[in-house]
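One structure below.
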Amino acid sequence: MQIKTILMTGLLLSGGGAVAAASLPALNLNTDAVTVSGLSSGGYMATQFHLAHSDWVKGAAVIAAGPYYCGQNDITTALSQCVDKVESSIPVDALNKKARQWADEGKLASLDNLKDSKVWLLHGSKDKKVTRTAADLLNQQYVAWAGEDAVEYVSDKPFAHLFPTKNKGTACTISESPYIGNCDYDAAGALLTHLIGNLQQPDDALSGDVVSFSQAELGGEPAKTLAETGYAYVPDSCKEGAQCRVHISFHGCNQYADAVGRDYVDNTGLNRWADDNQMVVVYPQTKKSLFMPLNPQGCWDWWGYTGDEYATREGKQVKAVANIVNALSNGAEKEK
């Protein structure tokens, strides 16, 4: 199967592992203005989730990913255009047309919701896994949808294909597991400040806990291609009943929990900012599969391995994560 070639490319990025975590408390979450972020395959997923639910997802941060629907439900197209090479021009006009069609059909939220929606994009100049061309086209799409003033595009930093942090991870110029880079750059703070604004500068102490939950239980039937366990960082104030914001962060390929433990959950810097700003960070987790649907690197679906409508609100993983957020918030009945 051609899908096996995604194993060889080392394209996308990784996440945490099945480590003991605190029990899940009752939470009072504001789900009217959720924000999302993601790295590589998680970046593609963040954009898909943003467009699918832009009526309540109000901002997106994407590190090292290309334009919406770049893979076009075809693994060959995904590998030849959307990651480390562009063998033929990416048909961005056709991708935008598809987004408008799906919005008209109700498979995406109205694209009008994206006007003035905050967007933060990053592509490192030493990234050899996703091309600058692909990242530029995502910026082009978002500028058209959200407006130039709403989009910040960071493209001048000497970073490899990874999540840049102030002081965690491996060398910043090398893309290697767990794909978190010690870059003297606080990407978590930069993206959250752009998406939300007016955040309190965090201290170095964390009051809260990482909690675990069953993605199968909260996500329902659409969660079949996800790992059993997902994670969330919950500050003390949120555990004690304060209404809290929600930020969803999608790891990349080979960055899921069974591959790298809780490195992505613990070390991106998002928890530090969440702790002092009444924010719960949800870290949904994929799993690898060596059988159909084939996903040997544990990537989020950005090329169609879960079904033709993967990039819409009908997509199974999009549905599952929406179900998880709703269930964490108020125990709402899961969508089937």
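What follows is calculated from the coordinates using simple rules that are stated; it is not laboratory data. Bear in mind the structure is a predicted one, so any value in this text is a computation, not a measurement. Virtual Cβ from ideal backbone geometry, glycine too; neighbours counted across all protein chains shown.
Observations on the model:
- Relative to one another, the C-alpha centroids of segment 275-294 and segment 83-145 are positioned 22 Å apart.
- Segment R132-K157, length gained on full extension (0.36 nm per residue, minus Cα span): 7.8 nm
- Around the amide H of L121, modelled in the peptide plane, lie the amide H atoms of V62, E152, Y153, V154, all under 5 Å away and 5 or more residues distant in sequence or on another chain.
- Positive minus negative residues near N271 (Lys, Arg vs Asp, Glu; Cβ under 12 Å): -2
- Annotation for L290 and S207: the two label points, set 7 Å from Cα along the Cα-Cβ direction, are 4.7 nm apart.
- For segment 233-250, backbone phi angles converted through the Karplus equation (6.51, -1.76, 1.60; θ = phi - 60°) give residue-by-residue couplings of 9, 10, x, 4, 4, 6, 5, 8, x, 5, 6, 10, 5, 10, 10, 9, 10, 9 Hz, Gly and Pro being listed as x.
- Two-site FRET efficiency, I174 against D93, from Cβ-Cβ distance with R₀ of 51 Å, rounded to 0.05: 0.90
- Three-way shape label, segment 54-155, alpha-carbon gyration tensor, a/c 1.5: oblate
- Report note on the peptides 166-174, 310-318, 179-187: ranked by the mean count of other C-beta atoms within 10 Å, highest first, their order is 310-318, 179-187, 166-174.
- When the Gaussian network model of the chain links Cα atoms closer than 10 Å, the mean-square fluctuations of F291, F250, F213 top out at F291.
- Estimated FRET transfer efficiency (A242, E217; beta-carbon r; R0 25 Å; 0.05): 0.50
- Each Lys and Arg adds +1 at its Cβ and each Asp and Glu adds -1 at its Cβ; summed about the Cα centre, the chain shows a dipole of about 640 debye.
- The phi torsions of segment 100-111, fed into the Karplus equation with coefficients 6.51, -1.76 and 1.60 and a -60° offset, translate into couplings of 5, 4, 5, 5, 4, 8, x, 7, 10, 5, 4, 5 Hz, rounded to whole numbers, with Gly and Pro shown as x.
- Of (i) 17.5; (ii) 18.8; (iii) 14.6, the label for mean projected area of the Cα convex hull in nm² derived from the coordinates: (iii)
- Across K115/K168; K98/K319; K98/K166; K129/K288; K58/K288; K97/K128, pairs whose alpha-carbon gap is larger than 27 Å: K115/K168; K98/K166; K58/K288; K97/K128
- Max mean-square fluctuation residue, GNM over the chain, Cα-Cα springs under 10 Å, options Q200, Q72, Q243: Q200
- Antiparallel %, DSSP beta bridges [both residues in segment 208-293], to 5: 70 percent
- The chain: most fluctuating residue of M292, M45, M279 per GNM, C-alpha cutoff 10 Å: M292
- Taking a ≥ b ≥ c as the square roots of the eigenvalues of the alpha-carbon gyration tensor, segment 132-276 is classed rounded because a/c is under 1.5.
- 13 Å Cα-Cα reach of K224 towards aspartates and glutamates, excluding residues that sit fewer than 8 places from it in its own chain: D301
- Once backbone amide H atoms are built at 1.01 Å from N, S289 has N295, Q297, G298 as its partners under 5 Å, excluding neighbours fewer than 5 places away on the same chain.
- For C244, distant residues with modelled amide H under 5 Å away: N28, L29, N30
- Computed 3J(HN,Hα) for segment 43-60, one whole-Hz value per residue from the Karplus formula 6.51 cos²θ - 1.76 cosθ + 1.60 where θ = phi - 60°, is x, 4, 5, 4, 5, 4, 5, 4, 5, 4, 10, 5, 6, 9, 9, 9, x, 9, glycine and proline marked x.
- Considering only the chain, percent of DSSP beta bridges that pair antiparallel, nearest 5: 25 percent
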